[in-house]
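What follows is one structure encoded as structure tokens, with my remarks underneath.
The values are calculated or read from the model by the stated rules, or taken from the named source; none is laboratory data. The structure presented is a predicted model; accordingly, all values stated were derived computationally and were not measured. Every residue, glycine as well, gets a Cβ built from its backbone with ideal geometry; the counts of neighbours run over all protein chains shown.
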Amino acid sequence: MLTGRFVRVVPEACENPAVTSYYDIDGANARLAELRPILAALRDARDEVAAGQLRLAELATAEEADPVLIARERKGMTITVQSMERAVRQIDAWDVTLRDISTGLVDFPALANGRPIWLCWKLGEDDIAYWHELEAGIAGRKPLIELE
């Protein structure tokens, strides 16, 4: 059973000393309201950076490369990357682990009967409905109903 909305623990008390906070299902679901727009924006920004890299390559290899256009494109990409960095720092500050930007996959540290696990969610899903063991990854996702 998952207990406590968001609980601080002493690092020595868990298997992963980097994790100092745990979510319960209600707390993780509540956090989704803030995470959804951030993850969607991150995904869009990642696509924007990829497109910008292609534009930069085209501009740089053009017969008459325009340094002003190249500088403008680089500046735009820098601003986008900085916004992505801020978003990732915010997610990290919430003790949520970003696994994949393209799918918006995140893991919330949780305890199940005192055992550390991950509550797993990705963009497009309604609420938290899956979990997995610490080492299992997305391939080991199981429905919450199977949580022991």
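Selection of segment 31-62 for residues being without any contact (Cβ under 8 Å) to a residue 12 or more places away in the chain and of a type in the set (A, V, I, L, M, F, W, C) yields A33, A50, A51, L54, A57, A60, A62. Pick out the one residue from D127, D47, D107 that is in contact with a Cys (Cβ under 8 Å, 6 or more places away or on another chain) and either surrounded by fewer than 17 Cβ atoms within 10 Å (Cβ to Cβ) or part of a strand (DSSP E or B) (or both). Of the residues listed, the single one that is in contact with a Cys (Cβ under 8 Å, 6 or more places away or on another chain) and either surrounded by fewer than 17 Cβ atoms within 10 Å (Cβ to Cβ) or part of a strand (DSSP E or B) (or both) is D107. Is it the case that some residue within segment 31-44 is surrounded by 17 or more Cβ atoms within 10 Å (Cβ to Cβ), in a strand (DSSP E or B), at pLDDT 95 or above and touching a strand residue (DSSP E or B) at 6+ places or on another chain (Cβ under 7 Å)? Taking every residue of segment 31-44 in turn, none turns out to be surrounded by 17 or more Cβ atoms within 10 Å (Cβ to Cβ), in a strand (DSSP E or B), at pLDDT 95 or above and touching a strand residue (DSSP E or B) at 6+ places or on another chain (Cβ under 7 Å). Once segment 62-86 is narrowed to residues that are of a type in the set (V, I, T) and at pLDDT below 90, the residue that is farthest from L98 (Cα to Cα) is V68. For L69, the criteria (1) out of contact with any helix residue (DSSP H, G or I) (no Cβ under 7 Å at 6 or more places or on another chain); (2) without any contact (Cβ under 8 Å) to a residue 24 or more places away in the chain; (3) assigned to a helix (DSSP H, G or I) hold in every case but one, which is (1).
Of the listed requirements (1) within 30 Å of Y22 (Cβ to Cβ); (2) surrounded by fewer than 16 Cβ atoms within 10 Å (Cβ to Cβ), H132 misses just one: (2).
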